[in-house]
Amino acid sequence: MKFKIEEKVFNTLDNLCIAFVVAKNIDNRENDKYVMDLLDNNLSKAQKELENIKIKEYSEILCYRNAFEKLSINPNKFLSSIEAILTRVSKGKGFPHINKIVDLVNALSIKYRLPMGSHDIDSMNDDFCVRYSVKGDKFLPFGETEIELLEDNELVYTSGNDIRTRRWIWRQSEYGKIVETTTNIIFPIDGFVGVNDKKVIEARDELESILKELFNCTTTKGFLSKENNESEEF
């Protein structure tokens, strides 16, 4: 299995980059005090930093809003995952503790102000891809039971015809969600070369370090961009 970005995506998002970590044999059972504290501390710090800030005008969010507009996605109607997270944080709503992996991803996403995902590898039936949708692709929203069928030309994360995230980094699916029994996961971190790619790499490297230390797993990491849009097998 590989992680790929469809070449024509770069016709619209020329400087798109995605760093990633693949972690295998994760133990995601039970809670971990370090991860819980990391989430709580990053939340507390971010709430203070973002107080009275209009998130949609926040410098670290503008690149994602601009990208949504290029993709003909209304960024006011469909908030990128990181804008939704920081909006919630700025309003002091906090985050519940879900499981170790989800908590860790939320903690680092808040720290670095980056959209970070986590997808179960074992439920994938094909390569993991960022591509434009084709008619017949299907999406099952979190917490829902009714499948949505997509039309052509929506940027998505997918494995085969199972859409993992709609509207690029808007909303993840029930397909491949992370639960306590999940053991093999790929973590994508989206950004832009020349804008925030250094932070993307920093976030990836910290994520990998914590995974190795706390989750008793093996990891590999990579970086996709226009110059290298396909990973090695994992």
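Can you give the helix-only mean residue ellipticity at 222 nm for the chain, where every DSSP H stretch with n ≥ 4 adds -39500 (n - 2.57) and the sum goes over all residues, rounded to the nearest 500 deg cm²/dmol?
Helix-only estimate at 222 nm: -10000 deg cm²/dmol.
Give the peptides 106-112, 216-222 in descending order of average Cβ contacts within 10 Å, highest first.
106-112, 216-222
Ranked by Cβ crowding within 10 angstrom, fewest neighbours first, how are Arg65, Arg204 ordered? Mind dumping the intermediate values first?
Values: Arg65 19, Arg204 25.
Lowest count first: Arg65, Arg204.
Do any of Lys77/Lys212; Lys4/Lys212; Lys8/Lys135; Lys111/Lys138; Lys24/Lys91; Lys77/Lys221 go past 29 Å between their Cα atoms, and which?
Lys77/Lys212; Lys111/Lys138; Lys24/Lys91; Lys77/Lys221
Place a +1 charge on the Cβ of each Lys and Arg in region 1-119 and a -1 charge on the Cβ of each Asp and Glu, then give the dipole magnitude about the Cα centre in debye, rounded to the nearest 20.
It comes to approximately 180 debye.
Hey, how much of the P(r) for region 114-222 falls beyond 17 Å, as a percent of Cα pairs?
57
Can you list the residues, at least 5 places off or on another chain, whose amide H is less than 5 Å from the amide H of Cys17, using H built in the peptide plane?
Residues meeting the amide H criterion: Gly191, Phe192, Val193.
I need the semi-axes of the equivalent ellipsoid of region 174-234: take the C-alpha gyration tensor, multiply each eigenvalue by 5, square-root it, list largest first in whole angstrom.
The three semi-axes for region 174-234 are 23, 15, 12 Å.
Taking a cut-off of 26 Å, what percent of all Cα-Cα pairs in the chain are separated by more than that?
Values: 9053 of 27261 pairs.
Counting every Cα pair in the chain, those more than 26 Å apart make up 33 percent.
In whole Hz, what ³J(HN,Hα) sequence does region 99-115 give by Karplus (6.51, -1.76, 1.60; θ = phi - 60°), x for Gly and Pro?
Result, ordered by residue: 7, 4, 5, 4, 4, 5, 4, 4, 4, 6, 4, 5, 4, 8, 6, 10, x Hz.
Contour minus end-to-end for Glu233 and Phe10, with contour as 0.36 nm per residue of separation and end-to-end as the Cα-Cα distance?
Extending this stretch completely gives an extra 78.1 nm.
Rounded to the nearest 20 Debye, what is the dipole magnitude of the chain about its Cα centre when Lys and Arg each give +1 and Asp and Glu each give -1 at the C-beta? Provide the component values of the computation, followed by the final result.
Details: 33 positive and 40 negative charges, 157 e Å.
Here the chain has a charge dipole of around 760 debye.
Need one number: nm distance between label points at Ser123 and Ser44, each 7 Å from Cα along Cα→Cβ, rounded to one decimal.
3.4
Read the figures in this text as sums done on the coordinates, not as results from a lab. All of these numbers come straight from a predicted model, not from anything done at the bench. So basically every Cβ, Gly included, is an ideal-geometry build from the backbone, and we count neighbours across all protein chains shown.
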